[in-house]
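Here's the structure, in C-alpha cells; my notes come after.
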Amino acid sequence: MPFSDADLAAVGLTLRLAGLTTLLLLLAGTPLAWWLARTRSPLKGAVGAIVALPLVLPPTVIGFYLLVALGPNGPLGQLTTALGLGTLPFTFSGLVVASVLYSLPFVVQPLTNAFAAIPERLLEAAATLRAGPLDTFFHVAVPLARPGFLSAMVLGFAHTVGEFGVVLMIGGNIPGQTRVVSVQIYDHVEALEYAQAHWLAGGMLVFAFLVLLALYTINPPGRRGL
Amino acid sequence: MSDAGTIALRLALSHPGFALDVDLCLPGRGITALFGVSGSGKTTLLRAVAGLERAATGRIAVGDEVWQDSAQRLFVPAHRRPLGMVFQDAALFPHLTVRDNLAFGLRRVGGTADAVARAPVTGLLGIGHLLERRPGTLSGGEQQRVAIARALLAQPRLLLMDEPLAALDEQRKAEFLPWLEKLHDELEIPVLYVSHALPEVVRLADHLVLLQAGRALASGPLGELLPRLDLPLSHGEDAFVVLAATVGDYDARYALLRLDIDGQSLWAPGPPRPPGSPVRVRIQARDVSLAISPQHDSSILNSLAARVEAVEAQPPGRALVRLDIGGAALLARLTLKSLDQLHLGPGAAVYARIKSVALID
C-alpha cells in the first residue's frame with residue numbers, strides 16, 4: 001500500500017473540499033455570471049475585475065486578507081462569532097470560504113462567456129412564446145450554456161484540488177481538518193519522504209491530466225466558453 | 001375603434017439619432033405591412049408592440065386588451081402578451097428538435113408536445129416530416145416555416161413578422177412566398193409584417209403603413225396608398241397600382257384571361273381560372289399611355305376609359321397622372337411635352353392604353 005492513512009485522509013478531505021466548493025461556486029457563480037453577461041450597469045467592469053483578482057494575486061495576499069478579515073478582530077470574524085459559528089481560520093469551513101473566493105474566476109468566467117455567447121434573439125423569442133424570465137433562464141439559457149457549465153465545474157474542482165498557498169495560510173495543517181493533498185505532499189518533502197511524495201504528486205499529475213483531457217475531449221477548445 | 005379586433009398603437013421612443021413617434025389604428029384582420037427603408041423605425045415599432053422595447057412609451061391596445069398604457073403605468077411584459085413573433089433569422093432554439101421548438105410555446109399555453117404533429121398549422125406549413133430534426137440541419141426556408149408554426153402554436157391574438165424573407169436567397173424566397181400566401185388565406189388573426197421589399201408587400205399585404213424616419217407617412221388599404229401622388233411610393237421609376245378584378249372569360253385560342261374591373265375589361269395572359277374568382281393585377285405607371293380617342297389601330301390590347309384626377313410634374317420633363325377608371329385609380333407616366341400637347345388637366349376624359357398587365361396571385 002503506497003498510501004498511508006494520513007495520505008488517504010488528505011485525499012478524502014481534498015475531494016470533500018473541492019466538491020463542496022464547486023457546488024457553492026455553481027450556486028453563487030451562476031447568477032453572478034448571468035448578471036455579468038447581461039448587465040449594462042456601470043458596475044460591470046468593477047465587479048468583473050474583482051472576480052478576476054484571484055487570477056493575478058499571489059495566494060498569500062488572498063490568504064493574508066482572509067486571515068485578517070475572518071480572524072477574531074476582523075469584520076467577518078466578529079460576524080461569525082456573533083452568529084455563534086466561532087472563527088473560521090484553521091477550520092474546514094474556513095477552507096471552504098477561502099476556496100470559494102480563490103476559485104471564483106475559474107467558475108464565473110466560463111459561465112459568463114457561455115451566457116454572453118447566447119444570442120439575445122433566442123431569449124426574446126422565448127419571451128414571445130410566453131416563457132417568463134426564470135423559465136427562459138432554465139429552459140433556454142442553461143441548456144445552451146452547458147459547455148460553459150462543464151468547464152466551470154471541471155476547472156473549479158481541479159483548481160480547488162490544486163491550491164496550496166491559501167490553504168496553508170487559512171487552514172494551517174491540521175490532519176483530518178485542513179490538511180489537503182497539496183499540504184501533505186509539502187510535509188512529505190519537508191520530512192524527506194520522497195517515495196510518499198512521489199505517489200501523491202504523481203497521483204495529482206495524473207488526476208490533473210485526466211481532468212483536462214476529459215474537458216478537451218468533451219468540449220474542444222473554442223467551445224468551452226473560456 | 002368600433003371593430004372589436006382593431007389594433008390601436010400610440011408609441012414613442014427615442015434613441016440617440018432616432019425617434020419613433022406613431023399613432024396608428026390598424027385593422028384586426030389580414031396582413032398589415034409596416035413598410036419603409038432601413039432606419040425608418042419599422043422593426044423598432046414591431047418590437048415595441050411585442051414588449052421587447054421597454055423604453056417605448058404610449059398605448060397599445062389589441063381589441064379589448066390593453067398591453068401597454070404608460071399614462072396608467074401599465075406595461076404587460078412580453079411573455080404575458082398573447083402574441084407570436086417571427087424573427088428575421090427564425091431564432092429557433094438550437095438545443096431542441098423541431099418538435100420541441102414547436103412545443104415550446106404550445107406547452108406554455110396548456111398544450112402538450114404530442115399535439116404538435118396533429119396541429120393543422122404543421123400540415124399547412126408542410127413541416128410534418130421535419131419534427132425529429134435539429135434546427136441547424138434545416139434550410140433557411142424550412143427554419144422560417146418552423147418559426148411561424150412555433151409562433152402560431154402558442155395561440156397568439158396577433159402575429160408579428162420581422163422581415164421573415166430577408167435572410168433567404170432569391171430562390172428560397174420564391175419557394176417561401178406561396179407558404180405565406182397560403183397562411184394569409186387561412187389565418188384568422190391579424191399580422192403585422194415588417195418589410196422593405198415592395199414586391200413582397202404587394203403580394204401579401206392588405207393594409208399598408210408607410211414609415212419614414214420614425215413617423216407614419218400614411219396608413220391605409222394597399223390599393224389606396226399605391227396611387228397616391230403625395231407619397232414616395234409613386235415617385236420611383238417603378239411606380240405601380242394594384243387593382244382588384246374578377247375573372248371573366250378565358251380565351252383559349254390566345255391564352256388570355258378577361259378580367260372585369262369596375263364595369264370595364266382587361267385582357268391578361270395567364271392560365272385559365274374559374275370565372276368569378278377574385279384576382280389582383282399590377283399595372284406599372286410606365287406601361288400606361290394616354291389617348292384622347294378610343295383608337296383600335298394599335299398593338300396594345302387594353303384600353304380603359306378614364307378621367308384625369310390629378311397631375312404631378314416630376315422634373316425633369318416628366319409627369320405622373322392619376323386616373324379614375326370608374327372607382328379604382330390608375331397611374332400613368334408621361335412626358336411633360338405629351339401632357340401639354342394633349343392639354344391634359346384634372347377632369348379631362350381620356351383612354352388609358354395599358355401595355356402590360358401582371359396577375360399577382
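Each value in this text was obtained by applying a stated rule to the coordinates, not by laboratory testing. Every value quoted in this text rests on a predicted model; they were computed, and no experiment measured them. Glycine gets a Cβ as well: all are built from the backbone with ideal geometry, and neighbour counts include every protein chain shown.
Things worth noting here:
- Straight-line cross-link partners of B:Lys182 among the lysines, defined as a Cα under 19 Å from its Cα and at least 8 positions apart when in the same chain: B:Lys173.
- Sorted largest first, the spans of the alpha carbon positions of the protein assembly as shown along the three principal axes are 118, 49, 45 Å.
- In degrees, nearest ten, helix B:170-186 long axis to first principal axis of chain B (Cα): 80
- Listing B:Ser293, B:Ser40 from fewest to most neighbouring C-beta atoms within 10 Å gives B:Ser293, B:Ser40.
- For chain A, the membrane-span-like helices by this rule, meaning whole DSSP H stretches whose C-alpha atoms cover at least 27 Å of axis and whose Kyte-Doolittle mean is 1.0 or above, are A:5-38, A:92-116, A:194-218; this says nothing about an actual membrane.
- For the range A:48-105, convex hull volume per residue from C-alpha positions, Å³: 77
- Legend: Rg and Dmax of the range A:5-218, from Cα coordinates, 19.4, 67 Å.
- Inter-site label distance for B:Tyr254 and A:Leu26 at 7 Å from Cα along Cβ, in nm: 7.8
- Among the trypsin sites (Lys or Arg not before Pro) in the range B:214-261, those placed in a DSSP loop whose Cβ has at most 15 other Cβ atoms within 10 Å are B:Arg253.
- In a DSSP loop and with at most 15 other Cβ atoms within 10 Å, the GluC sites (Glu not before Pro) in the range B:145-207 are B:Glu188.
- Ranked list, fewest to most other Cβ atoms within 10 Å of each Cβ, for A:His198, B:His296: B:His296, A:His198
- Inter-centroid distance (Cα atoms) of the range B:171-188 relative to the range B:252-267, Å: 27
- Other protein chain Cβ atoms within 10 Å, averaged over every residue that makes up B:218-231: 0
- Measuring r between the beta carbons of A:Val61 and A:Leu192 and using R0 = 30 Å, the FRET efficiency lands at 0.50.
- With the gyration tensor restricted to C-alpha atoms of the range A:87-167, the semi-axes of the equivalent ellipsoid amount to 34, 13, 8 Å, longest first.
- Centroid-to-centroid separation of the range B:299-361 and the range A:1-38 [C-alpha atoms, Å]: 82
- Within the range A:1-78, the ratio Rg/Rh, alpha carbon atoms throughout and Rh by Kirkwood, equals 1.11.
- Whole-number Å³ per residue for the convex hull built on Cα positions in the range B:7-222: 120
- The trypsin sites (Lys or Arg not before Pro) of the range B:18-71 that DSSP puts in a loop, and whose beta carbon has at most 16 other beta carbons within 10 Å, are B:Arg29, B:Arg54.
- Orientation-averaged projected area, Cα convex hull of the range B:47-100 (nm²): 4.9
- Chain B - Kirkwood radius from inverse mean 1/r over Cα pairs (Å): 22.4
- In degrees, nearest ten, helix B:98-108 long axis to first principal axis of chain B (Cα): 80
- Counting other Cβ atoms within 10 Å as a rough exposure proxy, the listed residues B:His196, B:His129 run B:His129, B:His196 from fewest neighbours to most.
- For the range A:5-218: relative contact order, % (alpha-carbon pairs under 8 angstrom, 6 or more apart): 31
- Max mean-square fluctuation residue, GNM over chain A, Cα-Cα springs under 10 Å, options A:Ala158, A:Ala125, A:Ala141: A:Ala125
- Bridging of B:Lys355 to aspartates and glutamates at a Cα separation below 12 Å is possible for B:Asp287, once same-chain residues fewer than 8 apart are set aside.
- For chain A, modelled as a GNM whose springs connect Cα atoms under 10 angstrom apart, the maximal fluctuation among A:Val68, A:Val11, A:Val167 occurs at A:Val68.
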